Amino acid sequence: MKPTLQPGIRYKHPFTVTEAKTVPALYPESEEFVVMPNVFATGFLVGFIEWACIRAINPHLDWPAEQTVGTHIDISHEAATPPGQQVIANVELIEVDGKRLTFGFEAHDGVDTIARGRHVRYVIDRARFDERLQSKR
């Protein structure tokens, strides 16, 4: 971790929702999902927030040897977004506690605030992480 990894880092991340990121596409094996509304899926929204947080801090890590993994997310998905609409995540690193990083975030689609919450990530050494993972196999 570089000394620049400090609270106050902000990042704004845009993404245009595609059909592939809608509820019916989340688990096409599930007939329940397939018949649901064609809107940005909460599961993909979580990934979008993680992506924004990763982008925010990667310049402050020894990337790719150091990476981060998500360990907790507290999210409210407040409004539906159709495919073709752009969403923007605004994330801020609000706490650094050793390797534990806490972010606050809000996302909007140009009409509504679609999500807000907190997300926790941990800095990992990728090689050590892979070794531990291999021991599970």
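Each residue in L5, L133, L93 was given a count of other beta-carbon atoms within 10 angstrom of its own, and listing them fewest first yields L133, L5, L93. Only aspartates and glutamates eight or more places from K99 in sequence, or on another chain, were considered; those with a Cα closer than 16 Å are D62, E66, D125. Ignoring lysines fewer than eight residues from K21 along the same chain, the ones with Cα atoms less than 30 angstrom from its Cα are K12. Ordered by the count of other Cβ atoms within 10 Å of each Cβ, fewest first, S135, S30 give S135, S30. The alpha-carbon positions of region 1-62 define a convex hull whose volume is 99 Å³ per residue.
Electrostatic bookkeeping for I75 treats Lys and Arg as +1 and Asp and Glu as -1; over the other residues with beta carbon under 11 Å from its beta carbon, the sum is -2.
The length gained by stretching the chain between E32 and R55 to full extension, at 0.36 nm per residue less their Cα-Cα distance, is 5.0 nm.
Based on alpha-carbon atoms, the Kirkwood radius and the radius of gyration of region 10-136 give Rg/Rh equal to 1.02. Taking the empirical scaling 2.2 N^0.38 Å for compact globular proteins as reference, region 95-137 has a Cα radius of gyration ratio of 1.76.
Read the figures in this text as sums done on the coordinates, not as results from a lab. Computed from a prediction, not measured in an experiment: that's the story for all the values here. Cβ sites come from the backbone with ideal geometry, for glycine too, and all protein chains shown count toward neighbours.
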